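Since every read-out is calculated from the coordinates, none of them should be taken as a lab result. Fair warning: this is a prediction, and the values are worked out from it, not measured in the lab. Reconstructed Cβ throughout: ideal geometry from the backbone, glycine too, with neighbour counts over all protein chains shown.
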Amino acid sequence: MTATPEMVRPSGSDELQFNSTAMRVTIAVFVVVPLLAVVLAIPVAWGGWLSWVDVALAVGFYVLTATGITIGYHRYFTHGSFKAGRTTKIVLAVIGSMALQGSLSQWVADHRKHHKFSDEIGDPHSPWRYGTSKRAIAKGLYYAHVGWLFDESQSPVEKYAPDIHNDRDLRAISRWFPAIVVTTLLLPAVLGGLITMSWTGALTAFFWATLIRVALVHHVTWSINSVCHVFGTRPFESRDMASNVWWLAIPALGENWHSLHHAEPTAARHGVLKGQLDLSALMIRSLERLHLVRDVRWPKPERVVAKLKDPAMASRVRGYQPVGTPVD
């Protein structure tokens, strides 16, 4: 597979230009500041500025906001892997917005366009856009991970996410996005201060449960765009380079099982082989049992097996029973 910047850069009416300097500065702040906090994390922890309260708040807000991306922004709003009532829809949109990955409508538009042109001309963030040499792939990895965020073009919402744009509840949440930003930034500090009854507790909670947490959620999410399109294994047939990277299973909450996702995008479970931990799918199953979501598109074992490159792996597919196998 070869490509050049000229080949893959969309043009004309297929783009929505945004040349706002303020927008680019804002993106840079939300990318760079949390990343700098990660650099400082070790000396800060070594200096004793890390408590169990900080750990609990950081883990709690990480799971909350990462879930908002994996279950909300991705599996529900982008791919319709299940249906939800109004309250659940609003909650998922709010906690997804708390991850600070931009507006819901733009996120959905970018991701749907990514699937339409995955690793081909028009993909917003393919790591293969510059070619297949080591230097080209290194450049492409950077672009797919974070560089594409600063591109002058965005996927047009009116074309790729009109359902999100036209939803009155979701438009209201978009209008309240500045308030959500303030909440996700300051709430950990408020809780840390109240729990420890100290300004120090508020400060360390802000460092760990806001800055570090935002950075980790960002870079784990972006790793699906970059790492999971270059490295790993590809057990399923798809027209792109989407792959499974096992060591991202826990931080990515199951999004790392990317090979099946690109073969079967609407499936609510991505980790379909035995031993593949998919925490997002487990949470969707819990929501289903609580009747908070319905009509979940669980992958059918027979369809999964049909998409395997190696039929010998069929025995590893969850729930698959070969024809003629006795059922206990």
Q) With labels modelled as points extended 7 Å from the Cα through the Cβ direction, what inter-label distance (nm, one decimal) is found for GLN321 paired with VAL63? A) 3.4
Q.
Here is the link list: LYS113/LYS139; LYS139/LYS274; LYS134/LYS274. Which ones come out longer than 26 Å on Cα distance?
A. LYS139/LYS274; LYS134/LYS274
Q) What area, in nm² and to one decimal, does the C-alpha convex hull of the range 162-275 cast on average over all directions? A) 10.0
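Sort 131-143, 229-241 for me by packing, meaning the mean count of neighbouring Cβ atoms within 10 Å per residue, highest on top.
Per-residue Cβ counts within 10 Å, averaged per peptide and sorted highest first, yield 229-241, 131-143.
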Q: Determine the principal axes of the Cα atoms in the range 23-231, then give the extent along each, sorted from largest to smallest and rounded to whole angstroms.
A: 54, 46, 29
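Just subtract the alpha-carbon distance of THR200 and LYS159 from 0.36 nm times their residue separation and send over the number in nm, one decimal.
Value of the extension gain: 10.0 nm.
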Q | Burial order of peptide ranges 291-297, 51-57 (average beta-carbon count within 10 Å, highest first) | A | 51-57, 291-297
**Q.** Residue pairs, from the table LYS116/LYS309; LYS89/LYS309; LYS89/LYS159; LYS89/LYS116; LYS116/LYS300, whose Cα atoms sit over 30 Å apart
**A.** LYS89/LYS309
Q | GluC sites (Glu not before Pro) within the range 107-185, DSSP loop, no more than 15 other Cβ atoms inside 10 Å | A | GLU152
(Q) How large is the translational diffusion coefficient of the range 51-134 in µm² per second when you combine the Kirkwood radius over alpha carbon pairs with Stokes-Einstein at 10 °C and 1.306 mPa s? (A) 110
Q) Based on the Cβ-Cβ distance from ALA306 to PHE177, what FRET efficiency comes out when R0 is 51 Å, to the nearest 0.05? A) 0.75
Q) Cα centroids of the range 153-198 and the range 50-114: how far apart, whole angstrom? A) 10
